[in-house]
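Engineer: Sharing a structure, written as structure tokens. Questions coming.
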Amino acid sequence: MDRKAATGQDGGPLVTLYDEQLPPDNSYAFSPEELEEDEMILNMGPQHPSTHGVLRVELKTDGEIVKDARPHIGYLHRNFEKHAENIDYQGVIPFTDRMDYVGSMGNSLTYAMTVEKLLGIGVGERVAGIRVITAELQRIASHLLAMGTYGMDIGAFTPFLLCFQQRERVLDLFEWLSGARLLYNYNWVGGVSHDLPDGWTDRCTRFLDEFVPVLDEVDSLLSHNRIFIRRTADVGVIPPPMAVDYALSGPNLRGSGHDWDLRRDDPYLGYEGYDFDVITGTGEHGPIGSCWDRYFVRVREMYESVKIVRQALARLPAEGDVHENVPRFVRPKGGEAYLRTEAPRGELGFYIVAEPKKPIPYRVKGRSPCFVAMGLFHEITRGEMIADIIAIIGSLDIVLGEIDR
Amino acid sequence: MITRFRQVEMRLMGPLTAIPIVLAVAVLGTIAALPVLAMVISELTQDFIPPGLQHLVTVAVGCAGFIGILALNPIYAIWLERKVAAHVQDRLGPMRVGWHGLLQSFADGIKLLFKEDLVPKNADPVLFRAAPMLAIVSAFAAFAIVPWGVRSDGAVLAVADLNIGVLYFVAITSLGALSVLMAGWGSNNKYALYGGMRAAAQMVSYEIPTAILVLLVVAQVGTLSIPEIVAAQEGGFLGIGDWLIFQMFPLNLIGFVLFFICGLAETNRTPFDIPEAESELVAGFHTEYSGMRFAFFFLAEYGNMLLVSMLAALMFLGGWVGPFGSNPLLLFVKGFGLVVVQMWLRWTLPRLRVDQLMAVCWKYVIPISFFLLLVVAGVRGVGAGW
């Protein structure tokens with residue numbers, strides 16, 4: 001079966017998948033007949049503490065060794081793309097928030113920018129600055145979650161709580177800003193919903209000052225722990241060519257040593273004006289592209305995000321109406337637009353086809369980095385042990401809301 | 001406002017970290033009170049009791065202390081574990097039920113007691129029911145040979161003063177592996193089966209170095225009886241100089257550390273908690289257990305923790321002898337100190353993978369402990385004149 005066509009990756013209609021292409025007996029699952037002696041099918045998820053949501057993985061195991069693994073996705077499918085065809089352009093933004101629910105700011109940012117591209121409008125400097133700040137803070141929050149849960153996957157509980165403590169502080173900032181702690185609906189077409197409240201920037205600076213030492217501490221507690229390194233280095237290795245073959249993006253791609261970051265290589269929101277480093281995996285422990293590399297790329301990216309937020313806060317214009325460019329009606333002249341940004345999990349893109357003079361989009365397609373990353377799951381899990389499956393899922397840092405949409 | 005509250009809370013954390021230590025001492029006092037009380041009663045009454053009944057009284061006193069330990073240890077150990085975890089993780093832990101959450105474990109126990117008695121439909125009913133019983137029996141039966149002091153007339157305060165005490169310890173703790181295996185198989189659950197198989201492999205592997213390290217002590221002291229092992233460690237510089245851990249430096253120090261590591265592995269504590277690895281196997285061998293049966297596994301785990309800690313204290317750290325003479329309280333201080341170290345390790349370290357766990361045992365722990373035994377036996381042999 002052509003998976004690419006089945007998932008609508010080519011932009012084609014989704015309906016055919018269910019009618020024609022999917023075999024009626026769901027033969028994607030392992031069948032007991034194909035098992036050899038000593039093999040067993042182990043069903044991991046969708047209710048499992050470490051599959052990061054409702055991912056279901058079918059494992060063909062021989063003792064502790066995993067012979068083959070098949071991920072089953074779709075348990076969190078909420079019809080985002082079909083909903084988007086029935087709601088006006090602004091109304092789609094809350095739905096995008098619910099895609100990657102631990103990186104909401106990045107989703108709504110990308111969608112809003114795509115619609116702006118369709119309309120041919122820009123945003124002011126203050127809005128761009130606020131968007132950079134929120135996007136980078138969201139990256140910090142998202143990577144903190146990835147780091148903490150990854151420690152827990154490996155069995156260390158303490159980094160999880162220390163990371164969440166800091167993540168809460170980012171959420172406090174966002175709550176002050178937008179009124180919500182998880183799904184913000186903050187980026188609007190042509191602006192943002194609220195201007196920064198008085199004193200927000202001070203508290204943001206204070207957070208950054210206090211956050212870096214804590215990050216150092218958690219880093220020293222977990223990243224270079226010998227048990228942690230032995231559990232993650234040399235596990236789930238994605239060689240650099242394979243990372244490109246499977247179209248990985250974000251920290252997963254950079255973990256394999258590719259120097260590619262959309263913020264630098266395809267800049268938006270004035271990212272070209274910020275001074276930051278693109279972090280790549282070094283293969284410090286074990287081969288390059290191991291779980292440890294991907295994990296450590298995220299850890300070091302947090303330091304870079306802190307740098308960016310500091311610069312953005314310093315150059316933020318004091319005056320400016322954040323609703324200045326918000327259009328009263330969004331009615332594009334037609335055409336289509338695709339725009340991609342560097343979301344916490346990688347290249348997030350939206351493809352919108354507009355009908356002339358209609359307030360609702362004809363088609364909205366989200367390009368989700370997690371979904372793409374799941375494509376090589378079976379490649380890197382084959383032959384590993386059961387505990388490594390958990391380590392690999394965690395290192396890919398998937399969010400099921402974004403995979404299933 | 002939330003942030004401000006959190007910062008106040010954070011600032012309070014510093015001094016609060018001292019509280020678990022203070023409370024640990026208080027708890028220790030509570031738990032040790034029964035044995036100590038029993039000993040005092042026994043001391044006071046020994047002159048009035050006819051010699052024929054002396055043995056009976058000693059056993060009664062031993063049992064009283066034993067019950068005191070077993071009834072109160074898990075309850076407070078669980079509370080202590082939660083407090084240690086909380087303070088490692090920069091939070092407060094249980095604070096609501098009783099002063100600093102001291103009664104939290106009682107509340108949890110009552111909750112578990114009233115839970116539905118569930119046996120999965122396809123489970124093996126006999127094995128499923130028997131496994132928690134065996135777990136708790138093996139954990140508690142091993143305490144029978146744990147002495148906590150000697151009376152002034154030389155009688156040992158223990159349930160049973162066996163002259164082959166350490167051998168009994170090695171034998172009884174092996175039963176724990178069986179109970180885990182029974183639970184894993186009887187649950188008819190793949191995750192539980194994995195947990196059971198892992199536990200069996202792990203416990204059987206780590207029993208070998210445990211036995212060798214027990215032999216290491218026996219080779220130096222020349223007896224299998226625990227009170228005599230302790231007696232051999234009495235005296236020396238400051239009252240601690242003759243502790244076995246300081247003898248033949250650093251051989252016995254290494255031996256002690258290895259024994260402690262084996263103890264961690266045998267009690268399935270992090271970094272060796274692969275049989276119940278939460279993130280991989282949901283809950284491992286006790287996935288299907290709930291209510292009081294689950295609580296039995298829990299009690300057994302905490303019983304085992306205290307058991308290996310006290311054994312390590314008795315064999316290497318001088319048991320109840322120390323700088324202030326001979327005192328049962330000293331044994332509890334040492335034992336609980338090692339329990340706190342176990343908890344500290346659990347909340348700091350990640351978990352090993354199953355093959356790495358085996359590698360640690362077969363590649364490092366067993367060869368090193370054999371080497372230690374060889375050297376110690378050689379030195380003793382030369383000393384004995386051959």
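Engineer: Can you name the residue in the range A:121-130 that is more than 12 Å from A:I308 (Cα to Cα) and not hydrophobic (A, V, I, L, M, F, W, C) and is also surrounded by the most Cβ atoms within 10 Å (Cβ to Cβ) among such residues?
Structural biologist: Of everything passing the filter in the range A:121-130, A:R126 is surrounded by the most Cβ atoms within 10 Å (Cβ to Cβ).
Engineer: With the structure loaded, tell me whether B:E280 is within 14 Å of chain A (Cβ to nearest Cβ), out of contact with any strand residue (DSSP E or B) (no Cβ under 6 Å at 6 or more places or on another chain) and assigned to a helix (DSSP H, G or I) or whether it fails that test. Let's see the steps before the verdict.
Structural biologist: On the way: within 14 Å of chain A (Cβ to nearest Cβ): yes; out of contact with any strand residue (DSSP E or B) (no Cβ under 6 Å at 6 or more places or on another chain): yes; assigned to a helix (DSSP H, G or I): yes.
When the stated conditions are applied, B:E280 passes them.
Engineer: Failed condition for A:G375, given (1) surrounded by fewer than 18 Cβ atoms within 10 Å (Cβ to Cβ); (2) of a type in the set (G, A, S); (3) within 14 Å of chain B (Cβ to nearest Cβ), with all others met?
Structural biologist: Against the list (1) surrounded by fewer than 18 Cβ atoms within 10 Å (Cβ to Cβ); (2) of a type in the set (G, A, S); (3) within 14 Å of chain B (Cβ to nearest Cβ), A:G375 comes up short only on (3).
Engineer: Determine the pairs where a residue that is more than 10 Å from every other protein chain (Cβ to nearest Cβ), located within the range A:33-62, has a partner that is exposed (fewer than 15 other Cβ atoms within 10 Å of the Cβ) and in a loop (DSSP other than H, G, I, E, B) with Cβ atoms under 6 Å apart, the partner being 6 or more residues away or on another chain.
Structural biologist: A:D62/A:D38
Engineer: Let me ask something additional. Under 9 Å between Cβ atoms, which residue pairs at least 6 apart in sequence (or on different chains) link something in the range B:369-380 that is closer than 14 Å to B:V218 by Cα with a partner that is of a type in the set (S, T, Y) and surrounded by 15 or more Cβ atoms within 10 Å (Cβ to Cβ)?
Structural biologist: Correct list of pairs: B:S369/B:T210.
Engineer: For A:E272, work out the one condition from (1) in contact (Cβ under 8 Å) with a residue 12 or more places away in the chain; (2) in a helix (DSSP H, G or I) it doesn't fulfil.
Structural biologist: Among (1) in contact (Cβ under 8 Å) with a residue 12 or more places away in the chain; (2) in a helix (DSSP H, G or I), the lone unmet condition for A:E272 is (1).
Engineer: Determine, yes or no, whether B:F249 is in a loop (DSSP other than H, G, I, E, B) and surrounded by fewer than 24 Cβ atoms within 10 Å (Cβ to Cβ).
Structural biologist: Yes; evaluated as a whole, the condition is true for this residue.
Engineer: Determine which member of the set A:R169, A:R231 is within 12 Å of chain B (Cβ to nearest Cβ) and either assigned to a loop (DSSP other than H, G, I, E, B) or over 22 Å from the mean Cα position of the chain (by Cα) (or both). Let's see the steps before the verdict.
Structural biologist: Values: A:R169 fails: either assigned to a loop (DSSP other than H, G, I, E, B) or over 22 Å from the mean Cα position of the chain (by Cα) (or both).
Checking each option against the conditions leaves just A:R231.
Engineer: Which one of A:P241, A:P213 is away from chain B (no Cβ under 12 Å), of a type outside the set (S, T, Y), assigned to a helix (DSSP H, G or I) and closer than 25 Å to B:L92 by Cα? Please lay out each step first, then the result.
Structural biologist: On the way: A:P241 fails: closer than 25 Å to B:L92 by Cα.
Just one listed residue meets the conditions, A:P213.
Engineer: Give the range A:195-210 a look and list any residue that's crowded, with 16+ Cβ neighbours inside 10 Å and not in a helix (DSSP H, G or I), or say none.
Structural biologist: Across the range A:195-210, the qualifying residues are A:D195, A:L196.
Engineer: When you scan the range B:306-328, how many residues do you find that are in a helix (DSSP H, G or I) and farther than 18 Å from B:T210 by Cα?
Structural biologist: Keep residues of the range B:306-328 that are in a helix (DSSP H, G or I), which gives B:306-316, B:328.
Then keep just the ones that are farther than 18 Å from B:T210 by Cα; that gives B:328.
So the count comes out to 1.
Engineer: Within the set of pairs 6+ apart or on separate chains, which have a first residue in the range A:78-89 that is under 12 Å from A:E402 (Cα atoms) and of a type outside the set (D, E), a second that is part of a helix (DSSP H, G or I) and modelled with pLDDT of 85 or more, and C-beta atoms under 6 Å apart?
Structural biologist: What qualifies is A:F80/A:F95.
Engineer: Please find, among B:F336, B:F370, the residue that is surrounded by 17 or more Cβ atoms within 10 Å (Cβ to Cβ), of a type outside the set (V, I, T) and more than 14 Å from chain A (Cβ to nearest Cβ). Break it down into steps so the answer makes sense when it comes.
Structural biologist: Working: B:F370 fails: surrounded by 17 or more Cβ atoms within 10 Å (Cβ to Cβ).
It is B:F336.
Engineer: Working only within the range A:264-300, note down all residues that are aromatic (F, W, Y) and more than 16 Å from A:R139 (Cβ to Cβ).
Structural biologist: Narrowing the range A:264-300 to residues aromatic (F, W, Y): A:268, A:271, A:274, A:276, A:292, A:295-296.
Matches in the range A:264-300: A:W292 only.
Engineer: Among the residues that make up the range B:152-168, is at least one of them in contact with a Lys or Arg (Cβ under 7 Å, 6 or more places away or on another chain), more than 14 Å from chain A (Cβ to nearest Cβ) and crowded, with 22+ Cβ neighbours inside 10 Å? If you could, list the steps in order and put the result at the bottom.
Structural biologist: Taking the range B:152-168 as the starting set, the residues that turn out to be in contact with a Lys or Arg (Cβ under 7 Å, 6 or more places away or on another chain) are B:157.
In the following step, the residues that additionally are more than 14 Å from chain A (Cβ to nearest Cβ) were identified as B:157.
Keeping just the survivors that are crowded, with 22+ Cβ neighbours inside 10 Å gives B:157.
For the range B:152-168, residues in contact with a Lys or Arg (Cβ under 7 Å, 6 or more places away or on another chain), more than 14 Å from chain A (Cβ to nearest Cβ) and crowded, with 22+ Cβ neighbours inside 10 Å: present.
Engineer: Could you check, for the range A:31-53, whether at least one of its residues is more than 25 Å from B:M197 (Cα to Cα) and modelled with pLDDT of 75 or more?
Structural biologist: yes
The values are calculated or read from the model by the stated rules, or taken from the named source; none is laboratory data. Not measured: the values here are computed from a predicted model. Note: ideal-geometry Cβ built from the backbone for every residue, glycine included; neighbour counts use all protein chains shown.
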